[in-house]
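Read-outs throughout are calculated quantities, based only on the coordinates presented, and are distinct from any laboratory measurement. Since this is a predicted model, take the numbers as computed values, not measurements. Backbone-built Cβ (ideal geometry, glycine too); neighbour counts: all protein chains shown.
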Amino acid sequence: MTDIDWESLRNAARRVASSAYAPYSKLSVGAAALVVDGRIVVGCNVENASYGLTLCAECGLVSNLHSSGGGRLVAVTVVAGDGEQLTPCGRCRQLLLEHGGPECALDAPGGITTIGAILPGAFDTEELEGRRRPT
Ligand code: THU
């Protein structure tokens, strides 16, 4: 975790937060992640009049990850419009687990942690594979 440039990652998240479409909650969110090949991918939240269709910043980030070549997330930061770290919502913890695994570093409000630490006992692909009905 020591060679991650968290300040650059936070700045990328702060920049993309300014593109958020959040007329309902008025909470702009930006997410930025370091990919295993060194790329930085970002995303911002995009709300909807039907509220439940809102896309979190992490959703945009994951779409950006795959549309720019895929790969594993190594480190993630999520910030609000005030520039400070924001803890990912429950759904996005699962989303980040899928694309970064439990060891993926997370810039949480209380300090650097991992996705696994904030989503203990997660349902993952291993569980899915092991529990499928026989074909
Ligand atoms: N939001 C995110 O973008 N990511 C999170 O992890 C937490 C919540 C957004 C969704 C919505 O647009 C706004 O913050 C308020 O919930």
**Request:** Apply 1/(1 + (r/R0)^6) to the Cβ-Cβ distance of GLN94 and SER18, taking R0 = 22 Å, and write down the FRET efficiency to the nearest 0.05.
**Result:** 0.25
**Asked** Which shape class applies to the chain: rounded if a/c is under 1.5, otherwise prolate when a/b exceeds b/c and oblate if not, where a ≥ b ≥ c are the square roots of the Cα gyration tensor eigenvalues?
**Response** oblate
**Prompt:** What's the local net charge at LEU65, with K and R +1, D and E -1, over the other residues with C-beta under 12 Å away?
**Reply:** -1
**At most 14 other Cβ within 10 Å, DSSP loop - trypsin sites (Lys or Arg not before Pro), segment 92-133** = ARG132
**Prompt:** Taking the Cα centre of the chain as origin and charging only Cβ (+1 Lys, Arg; -1 Asp, Glu), how large is the dipole, in debye to the nearest 20?
**Reply:** 380 debye
**Prompt:** Based on DSSP H runs of at least 4 residues, each adding -39500 (n - 2.57), what is the mean residue ellipticity at 222 nm of the chain after dividing by all its residues, to the nearest 500 deg cm²/dmol?
**Reply:** -9500 deg cm²/dmol
**Request:** Report relative contact order for segment 2-135 in percent, whole number only (criteria: Cα-Cα under 8 Å, sequence separation at least 6).
**Result:** 20 percent
**Item:** Proximal charge balance of ARG91 [Cβ under 13 Å; K/R count +1, D/E count -1]
**Value:** -1
**Prompt:** Once label points are set 7 Å from the Cα along Cα→Cβ at both ARG133 and THR54, what is their separation, rounded to one decimal in nm?
**Reply:** 3.7 nm
